[in-house]
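Data first, discussion second: the structure below is written as structure tokens.
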Amino acid sequence: MKRLTVGFWVVTVALETYGTMHAMSAKAQANGKPFWRVLFSGQEFFIWHGAPGWYYPVLIGTTVFTGALTAVYVFSREQRT
């Protein structure tokens, strides 16, 4: 159960990283700024972007499932001890 939980956390963080990098590179191309300037500016970090149609449903579903799996894992360990 611990490996499954950790695996889903890795997938969730990877999806969020993908979305953030995609958003920043799209913003950099649209504004003609270098990617690193957008990354370190701080003002344009949280931006909406034209993600693929599957991105947000998968990210939200994975995040909710990972949170629920983590809660089940934590509470089942407490009951065993």
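The values are calculated or read from the model by the stated rules, or taken from the named source; none is laboratory data. On a predicted model such as this, the values are computed, not experimentally measured, just so you know. Here the Cβ positions follow ideal geometry from the backbone for every residue, glycine too, while neighbour counts run over all protein chains shown. Areas reflect the complete protein model, heavy atoms only, side chains present, ligands, DNA and RNA absent. Shrake-Rupley method; radii C 1.70, N 1.55, O 1.52, S 1.80 Å.
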Exercise. Is there any pair linking a residue in the stretch 58-81 that is open to solvent by 60 Å² or more (accessible area, probe 1.4 Å) to one that is modelled with pLDDT of 90 or more, with Cβ under 6 Å and at least six apart or on different chains, and which?
Worked result: Thr63/Thr12
Exercise. Can you name every residue in the stretch 18-41 that is modelled with pLDDT of 80 or more, surrounded by 13 or more Cβ atoms within 10 Å (Cβ to Cβ) and not hydrophobic (A, V, I, L, M, F, W, C)?
Worked result: Tyr18, Gly19, His22, Ser25, Lys33
